[in-house]
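A.B. asks: Structure incoming, see below.
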Amino acid sequence: MRGARLVLLTSGGLVVLAVSVAVTVTIGPADIGTADVWRSVSARLGFGDNPLPPLREGIVWNLRMPRTLLAAVCGAGLALCGAVMQSLLRNPLADPFVLGVSSGASTGAVAVIVLGWGGGVVSLSAGAFVGAVLSFGMVVLLAQSLGASMDRVVLSGVAAMQLFSALTSFIVLTSADAETTRGVLFWLLGSLSGAGWADVVLCTAVLAGVLAVCLAHTTTLDAFAFGEEAAANLGVRVARARLLLLTATALLTAALVSSAGAIGFVGLVLPHAARTITGSSHTRLLPVTALSGAVFLVWVDTVARTALEPQEIPVGVVTSLIGVPAFVAVLYRARRKT
C-alpha cells in the first residue's frame, strides 16, 4: 500500500511538472503555443522534423527551455537539501544556506566580477562554486574542532555565513562601480536570466547524484528524527552519515547557487508543505519534496520574468514574497499541533 502511494505521488508529480514546463515555456511576448513546444522538443529528440521558423525555434530551445528546466532543477535541488538538512540537524528552520554555502558562493562570484580574479579564465559560476566549497570546508573544520555536534555545525554555519557576507559587502563597497554593483545585487538576489544548456546539464548531473545518495540513506534520516543517540543505538554510524549527507547537500547547493544565485525560502518552506502530504517517511518525503520544489520554482520564475515585463524581477525576491507568508502559516500550523 505504501509503495503504491509513493508511485502515485511520484507519477502525479512528474505529470504536473511536465505540463508546467510545457505551459510556462509558451508564456512571454513571443506568440508560441504548447503544440509548438512539443514539436520543437520532439524534433530535437529525433522524433520528427521541426516545423518552427528559426527565430521561434531559437526562442523555445535556446532561451526559454533551458531557463525553465534550470528553474525545475534548482527548485528540486534546494527543496531536497532543505528536507535532508531539517531532518539531519533536527531543526525545522534549517535550509540549504544554513551552512554558509550561499554566502561563500556570493563572495566567490563577486571576487570574479569585481576584482577580476582568475584573469578572465574563471567564469562567474566557477568562482561561485569555489567560494561555496571553501565556505563549507571552513564549516566542517570549525565544527570538527568544536566537537561536531548538530548545534556546533549550525553555529559554525552561521559564523561562516556572517564572515563571507561581510567579505562580499566589503568587496562591493570598496571596489565596484554603480553599474557593477547593480549587476552583482541582481545576481545575489537570484536570477535565471543567464541560463544555458551547460548549466542545466551540470546541475542535473549533480542533482541526480545527490538524490541517489539521499535516497540510499532514507532509513538513516528516519533514525536521525529520534536523535543522535537513538540513531546510534539503531546501528547508524552517526558521524560518517552526517558528514556524507551534509557534504552532498553542500555540493548540490554550491552547484545550484553558482548557476542561479541565492534563491531563498524554497528549501525552507517546501519540505514542510510536502510533509503534510507524505508524512515523515523519507522514502516518500524526498521525491515528493523535490518534485514540488521543481514545480514551484518553474512557476515562480515565470512570474518573475513576466510580471513587470520588459523589466525582470530577481527570482529570489518572488520566492521571498511567497515564502514568508507560507512559512508563517507553517509556524501557526505547528503551534496548533502542539
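A.B. asks: How much of the accessible area of the range 2-337, in percent, comes from carbon and sulfur atoms when a 1.4 Å probe is used?
C.D. replies: 68
A.B. asks: What does the convex hull of the alpha-carbon atoms of the range 150-246 project to on average, in nm²?
C.D. replies: 8.7
A.B. asks: Still on this model: Specify whether the C-alpha gyration tensor of the range 2-337 places it in the rounded, prolate or oblate class, a ≥ b ≥ c being the square roots of the eigenvalues: rounded for a/c under 1.5, otherwise prolate if a/b is larger than b/c and oblate if not.
C.D. replies: Oblate shape, in that a/c is at least 1.5 and b/c is the bigger or equal ratio.
A.B. asks: Would you pull out the residues with amide H under 5 Å of residue 117's amide H, same chain only if 5 or more places away, H placed 1.01 Å from N?
C.D. replies: Here the answer is 112, since their amide H atoms fall under 5 Å of that of residue 117.
A.B. asks: Would you mind calculating the relative contact order of the chain from Cα pairs under 8 angstrom and at least 6 residues apart, reporting the percent as a whole number?
C.D. replies: Over the chain, the number comes to 28 percent.
A.B. asks: Dipole magnitude of the chain about its Cα centre, charges +1 at Lys/Arg Cβ and -1 at Asp/Glu Cβ only, in debye to the nearest 20? Walk me through the intermediate numbers first.
C.D. replies: On the way: 20 positive and 15 negative charges, 219 e Å.
Roughly 1040 debye for the chain.
A.B. asks: From the alpha carbon gyration tensor of the range 77-183, can you work out the equivalent ellipsoid semi-axes (sqrt of 5 times each eigenvalue) and give them in Å, largest to smallest?
C.D. replies: Rounded to whole Å, the semi-axes are 28, 14, 12.
A.B. asks: With charges only on Cβ, +1 for K and R and -1 for D and E, what is the dipole size of the range 1-156 about its Cα centre, in debye, rounded to 20? Kindly include the intermediate steps, with their values, before the conclusion.
C.D. replies: Values: 9 positive and 6 negative charges, 64 e Å.
Dipole size: approximately 300 debye.
A.B. asks: With helices defined as uninterrupted DSSP H runs, which ones in the chain have an alpha carbon span along their own long axis of at least 20 Å and mean Kyte-Doolittle hydropathy of at least -0.5?
C.D. replies: Details: long enough: 2-24 (33 Å, 1.58); 65-88 (34 Å, 1.37); 124-146 (33 Å, 1.89); 150-175 (37 Å, 1.34); 197-215 (26 Å, 2.26); 238-260 (32 Å, 1.52); 282-306 (36 Å, 0.89); 315-337 (32 Å, 1.00).
Both cut-offs are met by 2-24, 65-88, 124-146, 150-175, 197-215, 238-260, 282-306, 315-337.
A.B. asks: So for each of 244-257, 288-301 I average, over its residues, the number of other beta carbons within 10 Å; can you give me the resulting order with the highest mean first?
C.D. replies: Ranked from most to least packed, the peptides come out as 288-301, 244-257.
A.B. asks: Subtracting the Cα-Cα distance from 0.36 nm times the residue separation, let me have the gained length for residue 244 to residue 226 in nm, one decimal. The partial results should precede the final answer.
C.D. replies: On the way: separation 18, 0.36 × 18 = 6.48 nm, distance 1.90 nm.
Going from the current span to full extension adds 4.6 nm.
A.B. asks: Here is a further query. Modelled label-to-label distance, residue 215 and residue 91, 7 Å Cα→beta-carbon offset: nm?
C.D. replies: Each label point is offset 7 Å from its Cα along the Cβ direction, giving 2.9 nm.
A.B. asks: Mind checking the full-extension length gain between residue 47 and residue 335? Use 0.36 nm per residue of separation minus the Cα-Cα distance, one decimal, nm. Can you show the working numbers first?
C.D. replies: Details: separation 288, 0.36 × 288 = 103.68 nm, distance 5.32 nm.
Separation in residues times 0.36 nm, less the Cα-Cα distance, equals 98.4 nm.
A.B. asks: So, for the chain, what is the accessible surface per residue at a probe of 1.4 Å, expressed in square angstrom?
C.D. replies: Heavy-atom SASA per residue in the chain reads 46 Å².
The values are calculated or read from the model by the stated rules, or taken from the named source; none is laboratory data. For clarity, every value in this text was computed on a predicted model and none was experimentally measured. So basically every Cβ, Gly included, is an ideal-geometry build from the backbone, and we count neighbours across all protein chains shown. In case anyone asks, the SASA skips ligands and DNA or RNA and just uses the protein heavy atoms, side chains included. Shrake-Rupley method; radii C 1.70, N 1.55, O 1.52, S 1.80 Å.
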